[in-house]
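Trainee: Before I ask anything, here is the structure I am working with.
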Amino acid sequence: MVLQNSKIIDLLPRESGIERYPTAEITELSDHVLLPGFINAHGHAAMSLLRGIADDLNLQTWLNEHIWPIESRWVDSQFVRDGTELAIAEMISGGTTMFADMYFYPDVAAAVAQEAGMRACIGLMVMDFPTVWGSGPDEYFEKGLEVHDEARSFSHVTTMLTPHAPYTVSDDPLQKTMTYADELQVPLQMHIHESAEEVADAVANSGIRPLQRLDELGLLNPRMLAVHMTELTDSEVELVAHQGVHVIHCPKSNAKLGNKPCRTVDLLAAGANVALGTDGAASNNSLDMLGELQFAALLAKQQSSDASALPAWQALEMATLNGAKAFNMQDCIGSIVKGKFADLCAIDLSGPLTQPVYDPISQVVYSAGRDQVTDVWIQGKRILKHRVLQTLDIDQTVSRARQWRDKIIDTN
């Protein structure tokens with residue numbers, strides 16, 4: 001592979017490459033497999049500072065009695081800066097080259113990602129009620145549009161509209177998010193059908209399921225990135241596929257919060273695009289995309305009682321090219337193709353955990369661990385070199401995380 005500036009310009013055997021490009025700098029990575037960088041299609045980066053603070057709880061208890069009260073007390077711009085840096089350090093070290101973020105102070109998250117040289121799609125939050133980021137929908141939209149305008153000058157950052165969930169956003173703001181998404185030509189990401197309780201409450205309150213409501217409001221279309229989707233009927237699987245909705249599967253978070261698995265095998269068979277996300281570190285509790293795609297593959301086999309379901313290549317595709325498709329970036333990233341950006345990760349297969357190698361893809365998906373990621377490039381820049389981060393001071397990042405832990409523990 002030959003890189004020039006930010007892009008892949010050639011793919012050819014080693015000896016042919018040396019002959020054709022005699023003055024090029026050569027990077028040797030023997031016993032490695034080179035992959036497209038992983039795309040973490042859903043998360044809440046700054047919540048890395050809340051990792052492990054409220055474990056072993058169901059979703060609504062976790063949110064209402066723990067996470068939201070803690071956020072209202074502690075989240076500010078510095079919290080988001082420090083938490084996002086911690087998340088980016090973890091993600092880069094594990095081979096992730098792009099992440100999608102849905103959280104408060106998106107202006108800060110965007111700036112941190114740009115400074116770290118990390119590709120990101122930053123969500124512009126919308127909710128009905130006040131939070132640390134805004135007083136209600138009008139202010140969320142006003143601030144979100146400002147962040148979108150600021151991010152247009154960034155080389156690594158794009159934006160999306162992120163209404164939180166059907167149970168936290170009413171009809172008028174939901175329709176407004178769709179209008180803005182169309183005007184700005186950006187994706188729209190939302191937690192949908194995350195739990196059985198969410199669906200049951202919606203039916204009890206309105207008589208219809210959340211997906212039906214969103215369909216009637218015109219939100220089910222190729223701009224929509226529907227996160228979780230653990231409660232789907234057969235007709236809803238077909239609806240999602242027919243409408244071109246992208247599904248973001250977060251298998252570890254769903255399992256940890258006691259929710260059903262997403263019907264990935266059925267969705268893929270119906271023609272839907274399914275990508276992978278970790279969710280936040282407060283409900284996973286890691287941002288390990290290699291572990292996520294492995295768990296997704298195994299879960300699909302168990303769920304369908306079919307060992308051939310979601311084979312290794314398809315699980316890897318969900319973590320790379322399918323993520324690029326979800327953000328309409330498939331022509332730029334997600335696979336190793338001439339002309340695409342050089343967003344890459346290298347995994348060392350020389351150790352006992354991944355030897356002998358019969359099938360490199362199977363070895364990566366079923367055997368490798370994220371500690372075997374040695375090098376990462378984003379837009380051709382090497383930001384992880386021999387397992388050492390090049391754009392972040394890991395000691396300072398971890399020190400600030402510990403300081404937040406001490407402050408939060410002292411007052412909770």
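The values are calculated or read from the model by the stated rules, or taken from the named source; none is laboratory data. Note that the structure is a prediction, hence the values are computed from the model and not measured. For neighbour counting, all protein chains shown are included, and Cβ atoms are generated from backbone atoms with ideal geometry for every residue, glycine included. Accessible surface areas use protein heavy atoms only, side chains included; no ligands, DNA or RNA. Shrake-Rupley method; radii C 1.70, N 1.55, O 1.52, S 1.80 Å.
Trainee: Could you tell me which residue out of Leu184, Ala319, His164 lies farthest along the dipole of the chain toward its positive end? Charges go on the beta carbon: Lys and Arg +1, Asp and Glu -1, centred on the Cα centre.
Mentor: In the chain, that residue is Ala319.
Trainee: Hey, another quick one. If you put +1 on each Lys and Arg Cβ and -1 on each Asp and Glu Cβ, how big is the dipole of region 1-147 around its Cα centre, in Debye rounded to 20?
Mentor: 260 debye
Trainee: Another question, if that's okay. Between the alpha-carbon centers of region 34-72 and region 242-261, tell me the distance in whole angstrom.
Mentor: Cα centroid to Cα centroid, the span is 15 Å.
Trainee: Of the beta bridges DSSP finds with both residues in region 41-185, what % are antiparallel, to the nearest 5?
Mentor: Beta bridges within region 41-185, antiparallel portion: roughly 10 percent.
Trainee: To continue, here is another question. Place a point 7 Å from Cα of Leu145 in the direction of its Cβ. Which residues in region 88-112 have their backbone N less than 18 Å from it?
Mentor: Those under the cut-off are 106-107.
Trainee: Summing +1 for each Lys or Arg and -1 for each Asp or Glu, what net charge is found among the other residues whose Cβ lies under 9 Å from the Cβ of His193?
Mentor: Net charge in that neighbourhood comes out at -3.
Trainee: Taking H placed 1.01 Å from N in the peptide plane, check which residues at least 5 places from Cys121 or on another chain put their amide H under 5 Å from its amide H.
Mentor: Residues meeting the amide H criterion: Phe99, Ala100, Asp101, Thr158.
Trainee: So, one more: When DSSP assigns beta bridges and you keep just the ones with both residues in the chain, what percent turn out antiparallel, to the nearest 5?
Mentor: That works out to approximately 40 percent antiparallel.
Trainee: Same structure, new question: Give me a comma-separated list of calculated 3J(HN,Hα) values for region 249-258, in order, Karplus coefficients 6.51, -1.76, 1.60 applied at θ = phi - 60°, integers in Hz, x for any Gly or Pro.
Mentor: Coupling constants for region 249-258: 8, 10, x, 5, 5, 4, 5, 5, 8, x Hz.
Trainee: So, one more: Rounded, prolate or oblate: which one fits region 317-379, using the alpha carbon gyration tensor with axes a ≥ b ≥ c (rounded when a/c is under 1.5, else prolate when a/b beats b/c, else oblate)?
Mentor: Prolate, since a/c reaches 1.5 and a/b exceeds b/c.
Trainee: Shifting gears a bit: Using a 1.4 angstrom probe with every protein chain in place, what is the largest-first accessible-area order of Ile394, Ile336?
Mentor: I get Ile394, Ile336, largest accessible area first.
Trainee: Related question: Could you give me the ³J(HN,Hα) list for region 277-287, computed from phi with Karplus coefficients 6.51, -1.76, 1.60 and θ = phi - 60°, whole Hz, x at Gly and Pro?
Mentor: Those phi angles translate into x, 8, 6, x, 5, 6, 10, 10, 10, 9, 10 Hz.
Trainee: Accessible area of region 138-249 with a 1.4 Å probe: how many percent of it is carbon plus sulfur?
Mentor: That share works out to 47 percent.
Trainee: Over the heavy atoms of Asp395, what accessible area does a 1.4 Å probe trace out, to the nearest 10 Å²?
Mentor: 120 Å²
Trainee: Keeping all protein chains in position, work out how much accessible area Glu85 exposes to a 1.4 Å probe, and write it in Å² to the nearest 10.
Mentor: Rounded to the nearest 10, the figure is 20 Å².
Trainee: Separate question: Taking amide H positions as placed in the peptide plane 1.01 Å from N, state which residues far from Cys250 in sequence (5 or more) or on other chains have amide H under 5 Å from it.
Mentor: For Cys250, the qualifying residues are His228, Gly277.
Trainee: Work out the charge dipole of the chain with +1 on the Cβ of Lys and Arg and -1 on the Cβ of Asp and Glu about the Cα centre, then indicate which of Pro69, Ala275, Met47 is farthest towards its positive end.
Mentor: After comparing all options, I get Ala275.
Trainee: Please state the relative contact order of the chain as a whole percent: Cα pairs under 8 Å, 6+ residues apart?
Mentor: 22 percent
Trainee: Right, next: Around Ile408, what is the net charge, scoring Lys/Arg as +1 and Asp/Glu as -1 over all other residues with Cβ under 14 Å from its Cβ?
Mentor: Once positives and negatives cancel, what remains is +1.
Trainee: Still on this model: Any idea of the accessible area per residue across region 265-391, 1.4 Å probe, to the nearest Å²?
Mentor: In whole numbers, region 265-391 has 38 Å² accessible per residue.
Trainee: Rounded to whole Hz and in sequence order, give me ³J(HN,Hα) for region 184-194 from the Karplus expression 6.51 cos²θ - 1.76 cosθ + 1.60, θ = phi - 60°, writing x for Gly and Pro.
Mentor: 8, 6, 10, x, 10, 10, 7, 6, 9, 6, 6
Trainee: If each DSSP helix of 4+ residues adds -39,500 (n - 2.57) and the sum is divided by the residues in the chain, what number results at 222 nm, nearest 500 deg cm²/dmol?
Mentor: The per-residue figure over the chain is -12000 deg cm²/dmol.
Trainee: Same structure, new question: Near Leu268, within a Cβ-to-Cβ distance under 14 Å, what is the net charge of the other residues, with Lys and Arg +1 and Asp and Glu -1?
Mentor: Taking every Cβ under 14 Å from that of Leu268, the sum is -1.
Trainee: What is the Cα centroid distance between region 151-217 and region 292-367, reported in whole angstrom?
Mentor: 28 Å
Trainee: Quick one: which residues, 5 or more positions from Gly280 or on another chain, have an amide H under 5 Å from its amide H? H modelled 1.01 Å from N in the peptide plane, none for Pro or chain starts.
Mentor: Residues meeting the amide H criterion: His44.
Trainee: Straight-line reach from Lys143: which aspartates and glutamates have Cα under 17 Å away, leaving out those fewer than 8 places along the same chain?
Mentor: Asp76, Asp101, Asp107, Asp128, Glu183
Trainee: Nothing charged except the Cβ atoms of Lys and Arg (+1) and of Asp and Glu (-1): what's the magnitude of the dipole of the chain about its Cα centre? Round to the nearest 20 debye.
Mentor: With Lys and Arg at +1 and Asp and Glu at -1, about 880 debye.
Trainee: Charges only on Cβ, +1 for Lys and Arg, -1 for Asp and Glu: so what's the dipole of region 134-272 about the Cα centre, in debye to the nearest 20?
Mentor: Dipole of region 134-272, to the nearest 20 debye: 520 debye.
Trainee: Starting from the Cα of Lys338, draw a straight line to each of the lysines and keep only those under 25 Å, dropping any in the same chain fewer than 8 residues away.
Mentor: Candidates past the 8-residue exclusion: Lys7, Lys325, Lys381, Lys385.
Trainee: Continuing with this model, one more query. Which one, Pro36, Val237, Gly144, projects farthest toward the positive side of the charge dipole computed for the chain from Cβ point charges (K/R +1, D/E -1)?
Mentor: Result: Pro36, furthest along the dipole toward the positive end.
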